[in-house]
Amino acid sequence: MPTTPAPHHAKVKVKHWPTPEPADVVAPEAEDIPELREEAKGCRRCPLWHDATQTVFGEGPESADVVFVGEQPGDQEDLAGKPFVGPAGRIFDSTLDDAEIDRRKVYVTNAVKHFKFEPRGKRRIHSKPNAGEIQACRWWLDKELDLVKPNLVVALGATAAQSLLGKAVPITKMRGDVIEREDGLRVFVTIHPSFILRIRDREDKEAERDRFLQDMRKVKGLMRA
């Protein structure tokens with residue numbers, strides 16, 4: 001297994017893609033990420049805020065070269081108020097470490113900022129956001145990207161890709177590709193690390209985790225490329 005990231009041109013397909021239409025709301029007035037985070041605390045753009053504990057906004061340096069976009073906060077993220085701190089977050093962190101990507105230097109957020117779930121006894125079971133909820137929350141994601149101005153955005157899973165590209169896309173087919181939108185934003189498509197958690201067979205789980213690591217090494221090679 002290679003120990004250094006692949007060059008940015010190695011085995012990475014580049015496709016061109018229309019820029020999604022802007023969210024049909026007036027952009028918030030915030031001029032930096034801390035101000036935007038404060039505004040998001042009172043978000044009522046869709047009904048998900050009602051049952052969630054709090055808005056879980058993105059975090060990381062405003063000068064980050066790369067923005068990672070997941071689906072939505074999970075149960076632990078909803079309670080902590082921080083993205084990617086649950087089981088999927090631990091896989092994400094360990095894989096970034098192995099790929100020599102410092103999480104403290106990247107910006108991490110979600111396409112949807114409130115936890116969507118179905119109660120099952122005392123447990124809260126994750127429920128996938130629908131197209132309307134994704135569109136409503138794109139208001140915040142678009143502003144995050146405007147403020148951070150990343151060189152690359154990584155779509156972790158189908159919901160993130162739909163938010164960034166404006167429609168549903170086949171993750172398995174487009175995984176590892178770089179999609180260049182008409183506005184110049186580059187989007188790297190891969191799985192959400194929660195996919196690895198759902199694999200029961202140990203060997204299959206390890207193989208998928210290794211494949212995710214290879215994706216992150218490609219991301220490393222694309223940073224500031």
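The values are calculated or read from the model by the stated rules, or taken from the named source; none is laboratory data. Since this is a predicted model, take the numbers as computed values, not measurements. Quick reminder, even Gly has a Cβ in these numbers, built from the backbone with ideal geometry, and neighbours come from all protein chains shown. Remember, those area values only see protein heavy atoms, side chains included, never the ligands or the DNA or RNA. Shrake-Rupley method; radii C 1.70, N 1.55, O 1.52, S 1.80 Å.
Under 1.5 on a/c is rounded, so check that first for the stretch 90-137, then, if it is not, pick prolate when a/b is larger than b/c and oblate when it is not; a ≥ b ≥ c are the square roots of the alpha carbon gyration tensor eigenvalues. The shape class here is oblate. In the context of the full set of protein chains, the stretch 93-179 has a per residue accessible area of 42 Å² (1.4 Å probe). Between rounded, prolate and oblate, where does the stretch 97-184 land on the alpha carbon gyration tensor, with a ≥ b ≥ c its root eigenvalues, rounded for a/c under 1.5, else prolate if a/b exceeds b/c? Taking the square roots of the gyration eigenvalues as a ≥ b ≥ c, the stretch 97-184 is prolate.
With contacts defined as alpha carbon pairs under 8 Å and 6 or more residues apart, what's the relative contact order of the stretch 147-218 in percent? Contact order relative to length: 29 percent. Past 31 Å, Cα to Cα: identify those pairs from 128/205; 113/218; 149/205; 41/173, in the order given. Too far apart for the 31 Å limit: 149/205; 41/173. Only DSSP H runs of four or more residues enter the estimate; each adds -39500 (n - 2.57), and after division by the residues of the chain the mean residue ellipticity at 222 nm equals -10500 deg cm²/dmol. DSSP finds beta bridges in the chain, and of those with both partners inside it, around 35 percent are antiparallel. Secondary structure note: in the stretch 92-225, about 65% of the DSSP beta bridges are antiparallel. Here the accessible area is traced with a 1.4 Å probe on the protein chains. For the chain, carbon and sulfur cover 51 percent of it.
Ignoring aspartates and glutamates fewer than eight residues from residue 220 along the same chain, the ones with Cα atoms less than 19 angstrom from its Cα are 62, 65, 93, 97, 98, 100, 102, 177, 180, 208, 210.
Relative contact order for the stretch 65-168: 39 percent, from Cα pairs under 8 Å spaced at least 6 residues apart, divided by residue count.
Which shape class, rounded, prolate or oblate, goes with the stretch 135-182 when its Cα gyration tensor gives a ≥ b ≥ c as root eigenvalues, a/c under 1.5 marks rounded, and past that a/b bigger than b/c marks prolate? Oblate, since a/c reaches 1.5 and b/c is not below a/b. When DSSP beta bridges are restricted to pairs lying wholly in the stretch 44-144, around 55% turn out antiparallel.
Extending 7 Å from Cα along the Cβ direction at residue 197 and again at residue 98 yields two label points whose distance is 1.7 nm. The packing ranking, built from the mean of other Cβ atoms within 10 Å per residue, places the peptides 134-142, 191-199, 178-186 in the order 134-142, 191-199, 178-186, highest first. Pairs of Cα atoms nearer than 8 Å and 6+ residues apart set the relative contact order; for the chain it is 29 percent. Long hydrophobic helices in the chain: the complete DSSP H runs spanning 18 Å or more by Cα along their own axis with mean Kyte-Doolittle hydropathy of at least -1.0 are 131-148.
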